[in-house]
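Each remark here refers to the structure printed beneath this line.
Read-outs throughout are calculated quantities, based only on the coordinates presented, and are distinct from any laboratory measurement. These numbers were taken from a predicted model, which means no experiment stands behind them. Note that each Cβ is placed from the backbone with ideal geometry, even for glycine, and that neighbours are counted across all protein chains shown.
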Amino acid sequence: MNAIDWLRTLHTKQLLGIKNDCYEGFFHRGGYVIYNNGYFPQGSGIKITYEELKQVLSERPHVPNGAETKRIRQKAAKQKVRSYQSSKF
């Protein structure tokens, strides 16, 4: 199994975790990291390049950050009609 196929099996949150954990390794160790999360035998892993990780992340839908999530939640709350706010009065 190559790196892209393996990365596609992971959840978006796991991909973002790899990106955050290995960010410095991508740029200071030759452009790749050997990632082992326990699925591979001890002393081995899968070679992941930053370009492969970015490609797989680009195939996923956008994950809103904290500020975006807050705005979405507030907008939904404003549009919600509650029973005590009925316009029948």
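The figures follow:
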{"item": "Contour minus Cα-Cα distance for Asp21 and Ile72 (0.36 nm per residue)", "result": "15.6 nm"}
{"item": "DSSP-assigned coil residues among GluC sites (Glu not before Pro) in region 1-73, each with at most 13 further Cβ atoms within 10 Å", "result": "Glu59"}
{"item": "Full-stretch length increase - Lys47, Trp6 - with 0.36 nm per residue and alpha-carbon distance subtracted", "result": "13.7 nm"}
{"item": "Cross-link pairs beyond the 32 Å C-alpha cut-off, checked among Lys54/Lys78; Lys19/Lys78; Lys47/Lys70; Lys19/Lys75; Lys19/Lys70", "result": "Lys54/Lys78; Lys19/Lys78; Lys47/Lys70"}
{"item": "Extreme residue, positive dipole direction of region 1-81, given options Leu15, His28, Ile46 (C-beta unit charges)", "result": "Leu15"}
